[in-house]
Amino acid sequence: MARNRFDVDETLETPFNIKHLLRAGVYIKRHKQKMILSLVFSTISAACALVGPKLIETALNVAVPNRDYKMLFILAGIMLLSILLSIFFSVKRSRYMTVVGQAIIYDIRKDLFEHLQRLSFQFYDDRPHGKILTRVINYVNSVSDALSNGIINFILEIFNLILIAVFMFMCDVRLSLVVMAGIPLFLIIVLVIKPAQRRAWQDVSNKSSNLNAYLHESLDGMKITQAFTREEENAKIYNKLNTKMYKSWMKAQYTSNLVWFSVNNISTWVVGAMYLVGFSLLGPAVQIGTLIAISAYAWRFWQPILQLSNLYNTFINAVAYLERIFEMIDEPVLVDDAPDATELPPIKGDVTFDDVTFSYDGSINVLEHFNLDVKAGESIALVGPTGAGKTTVVNLISRFYNINSGRVLVDGHDISKVTLHSLRAQMGIMLQDSFIFSGTIMDNIRYGRLDATDEEIIAAAKTVRAHEFISEMPDGYYTQVNERGSRLSQGQKQLIAFARTLLSDPKILVLDEATSSIDAKTERLLQEEEHQRDNDDDQTHRGGKTVVRADLAHKLRIQHDREGLIPLADDHGRAEVGKYAHEYKQRAREQRRHHQREDDLRHTLEGVAAKALRRFVQGVVQILHCAGNIHVDQREGLERKDENDAGKAVNARQLHTEEGVYDAGDKSIPA
């Protein structure tokens, strides 16, 4: 399966040969018992159906002239029984073949999917995913009928052809030879049409694959399409591919129909010739019953030939699809266990790159003579500009690609000589693409360790600070999310993926820009959590995780406190450890000092603000206290003034009373 785009036709690397059909027979052999029963039922059904014309001949030539009504009723009963038996066995055969057809689909898809899971990243890097889906779904559906019903029908129609020829020759040899005279012409037409027909259906296969590839790509990128208002342009591209698909399909149908058209015309011509010869011989040599029986067999004789021509079209289509299917099954597994691979024992976490050179396409080296040594429990950060090789180093630790030269060692074991399962099972790998599967959040985190309990999953989520936003969702950990997590933010998806990675409790933790979409506050909390966890591991003598982190250069500010910095510099395809190291270290020191000054300034400002706030509160309290004292003094003064005024009023009344003056407030009458 060659590297291509959605608008480039695939070129077959393994052209079809008879071995493909023999390989397809492997799937048929798995269900040979049902296939044999179906063939037996088909044979009985066909034989019962062919009894009818012979019974009609006997009735017209013997029973009718002799007016033997008893024979007529017996012949009619036999004909009815043959029809019922033909229908019964035909139904039984159809049921068996439906089961066999679906079983073959299941087996082929199972083998394809298991093989796809073993293929390396490079296979998926080079091919549109839509074309892969087309082979697994569409092509398998197309070949299943050919491998089940097609083969049975082919054998059955051959048997029918022979059986009909026998019945015809039993009726009349000369008329039978006239009916069979068109076979050579039919074979010539088929041989002429065959190459064009095969090319036409191969072109349909290509155009269908291209259309599905673009549709898959468009659906994945629909948000970008709408963001950049590319709907009209994308519609034009799709219509162009759709038009090519339509034209290739019509061309293939036209070529296939030539076979049917030829058979239909040849059968009409030979039946007409048979009638001419038959009427010329009608009399003692040929009776009317024989002519009618031969006529019925003549139409039936060319019916299997027509069915065989249709089956031929089906097989031509199936061949085009089988070529693609077997080509994918034959795709070599580039990253696989070596024949003498051994199980990797439980590891401590030492990681070593020993003079490693690597290239994705074989022309430009992404890593060249690369060396790296990370001790168990250490935490390092690979930093550098985009394209410097950070992700490549991460991928090679997990052996997602094979290196060109050198060695990658884990605890001194060459990872190319241990089984992939034993290697990756002891690693926690978080790639740039934080993929979220359809299902619940609980299921997505449990993907890291299928036997994990709910409590362990929640603990992992709390470790990465994901518990808070998960708890706020409608159904918490059981909230349903769509494929790729369309309902989640990028930061939330990264936290869920991070929890999934930590749940496996790996000895080597490989992170490829694992926090690129997480806010700075949460990221710093994660750093503190990791630091605390490593301290706990040291205290319990369990040993911390070896952490290899790939980040962009601007992420240095959050790596400096506890990680060794490994700068990767892009230099014409080379990634070197140590180049510009002094510059990176100097920059890291400056950032540490800057960060420390920021912390000191923040603490100073917090202290000044707190002192000012205390003084302000004290002043307000004093002012309020003073204001309260003044209010009390004023109230006491007013009370004393009122008392004085009241005393003066009493004295004045007494004085006026003595002088004989009435007091206005006194209602008594003086004596």
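The values are calculated or read from the model by the stated rules, or taken from the named source; none is laboratory data. Just so we're clear, the structure is a prediction, and the values are computed from it rather than from any experiment. FYI the Cβ positions are ideal-geometry reconstructions off the backbone, even for glycines, and counts take in every protein chain you see. For the accessible areas, the whole protein counts, side chains as well, though only heavy atoms, and no ligand, DNA or RNA atoms are used. Shrake-Rupley method; radii C 1.70, N 1.55, O 1.52, S 1.80 Å.
Structure summary
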quantity	calculated
Subset of the range 396-411 (residues that are part of a loop (DSSP other than H, G, I, E, B) and not charged (D, E, K, R))	Ser398, Phe400, Tyr401, Asn402, Ile403, Asn404
Cβ-Cβ under 7 Å pairs, at least 6 apart or on other chains, the range 228-257 side farther than 14 Å from Arg199 by Cα, far side open to solvent by less than 90 Å² (accessible area, probe 1.4 Å) and among the β-branched types (Val, Ile, Thr)	Glu231/Thr225; Asn234/Thr225
Where Leu163 falls short, out of the listed (1) in contact (Cβ under 8 Å) with a residue 60 or more places away in the chain; (2) closer than 22 Å to Ser218 by Cα; (3) surrounded by fewer than 21 Cβ atoms within 10 Å (Cβ to Cβ)	(2)
Unique match (being assigned to a helix (DSSP H, G or I) and closer than 24 Å to Cys48 by Cα) among Ile151, Ile188, Ile183, Ile193	Ile151
Count of the range 25-69 residues which are outside any helix (DSSP H, G or I) and either β-branched (Val, Ile, Thr) or open to solvent by 50 Å² or more (accessible area, probe 1.4 Å) (or both)	6
Some residue of the range 420-430 being in contact with a Leu (Cβ under 6 Å, 6 or more places away or on another chain), open to solvent by less than 20 Å² (accessible area, probe 1.4 Å) and hydroxyl-bearing (Ser, Thr, Tyr)	yes
Failed criterion for Arg324 (all others in (1) surrounded by fewer than 20 Cβ atoms within 10 Å (Cβ to Cβ); (2) under 23 Å from Glu114 (Cα atoms) hold)	(1)
Looking only at the range 431-462, and only at residues there that are over 27 Å from the mean Cα position of the chain (by Cα) and of a type outside the set (A, V, I, L, M), the one that is most open to solvent (accessible area, probe 1.4 Å)	Glu455
Candidate set from the range 114-124 (those that are touching a residue at least 12 places away in the same chain (Cβ under 8 Å) and within 15 Å of the chain's Cα centre (by Cα)); member that is most open to solvent (accessible area, probe 1.4 Å)	Arg118
Matching residues, the range 89-113, being within 18 Å of Thr43 (Cα to Cα), without any contact (Cβ under 8 Å) to a residue 40 or more places away in the chain and open to solvent by 60 Å² or more (accessible area, probe 1.4 Å)	Val91, Arg95, Thr98
Residues of the range 469-489 classified as surrounded by fewer than 21 Cβ atoms within 10 Å (Cβ to Cβ), more than 19 Å from the chain's Cα centre (by Cα) and in a helix (DSSP H, G or I), total	5
Selection status of Ala293, in contact (Cβ under 8 Å) with a residue 60 or more places away in the chain, out of contact with any Asp or Glu (no Cβ under 6 Å at 6 or more places or on another chain), part of a helix (DSSP H, G or I) and small (Gly, Ala, Ser)	no
Flag for Ile266 being open to solvent by 10 Å² or more (accessible area, probe 1.4 Å), in a helix (DSSP H, G or I) and in contact with a Leu (Cβ under 8 Å, 6 or more places away or on another chain)	no
Selection status of Val410, buried (at least 16 other Cβ atoms within 10 Å of the Cβ), among the aliphatic types (A, V, I, L, M) and touching a residue at least 60 places away in the same chain (Cβ under 8 Å)	yes
Options Asp172, Asp220: the member that is charged (D, E, K, R) and in contact with a helix residue (DSSP H, G or I) (Cβ under 7 Å, 6 or more places away or on another chain)	Asp172
Unmet criterion (only one of (1) of a type in the set (D, E, K, R); (2) surrounded by fewer than 18 Cβ atoms within 10 Å (Cβ to Cβ); (3) modelled with pLDDT under 80) for Arg127	(2)
Residue check for Thr392: surrounded by fewer than 19 Cβ atoms within 10 Å (Cβ to Cβ) and modelled with pLDDT of 85 or more	no
Ile74 modelled with pLDDT of 85 or more, more than 30 Å from Arg135 (Cβ to Cβ) and either touching a Cys at 6+ places or on another chain (Cβ under 8 Å) or not small (Gly, Ala, Ser) (or both)	yes
Complete set of residues in the range 77-107 that are at pLDDT 85 or above and among the hydrophobic types (A, V, I, L, M, F, W, C)	Ile78, Met79, Leu80, Leu81, Ile83, Leu84, Leu85, Ile87, Phe88, Phe89, Val91
Where Gly428 falls short, out of the listed (1) part of a strand (DSSP E or B); (2) at pLDDT below 80; (3) among the small types (Gly, Ala, Ser)	(2)
Of all residues in the range 434-468 being assigned to a loop (DSSP other than H, G, I, E, B), touching a helix residue (DSSP H, G or I) at 6+ places or on another chain (Cβ under 6 Å) and over 11 Å from Ala497 (Cβ atoms), the one that is modelled with the lowest pLDDT	Ser438
Test: residue in the range 387-403 that is under 27 Å from the mean Cα position of the chain (by Cα), closer than 30 Å to Ile158 by Cβ and not hydroxyl-bearing (Ser, Thr, Tyr)	no
Residue within the range 510-523 that is under 21 Å from the mean Cα position of the chain (by Cα), of a type outside the set (D, E, K, R) and either within 30 Å of Tyr401 (Cα to Cα) or at pLDDT 85 or above (or both) present	no
Hits in the range 361-389 - residues which are within 26 Å of Ser422 (Cβ to Cβ), open to solvent by 60 Å² or more (accessible area, probe 1.4 Å) and either modelled with pLDDT under 85 or of a type in the set (S, T, N, Q) (or both)	Asn371, Glu378
All positions within the range 332-353 that are outside any loop (DSSP other than H, G, I, E, B) and open to solvent by 30 Å² or more (accessible area, probe 1.4 Å)	Thr342, Thr352
For Val143: the one exception among (1) closer than 30 Å to Gly101 by Cα; (2) among the aliphatic types (A, V, I, L, M); (3) under 24 Å from the mean Cα position of the chain (by Cα); (4) open to solvent by 70 Å² or more (accessible area, probe 1.4 Å)	(4)
Selection within the range 363-389 - assigned to a loop (DSSP other than H, G, I, E, B) and touching a residue at least 12 places away in the same chain (Cβ under 8 Å)	Ile364, Lys375, Ala376, Gly377, Glu378, Pro385, Thr386, Gly387, Ala388, Gly389
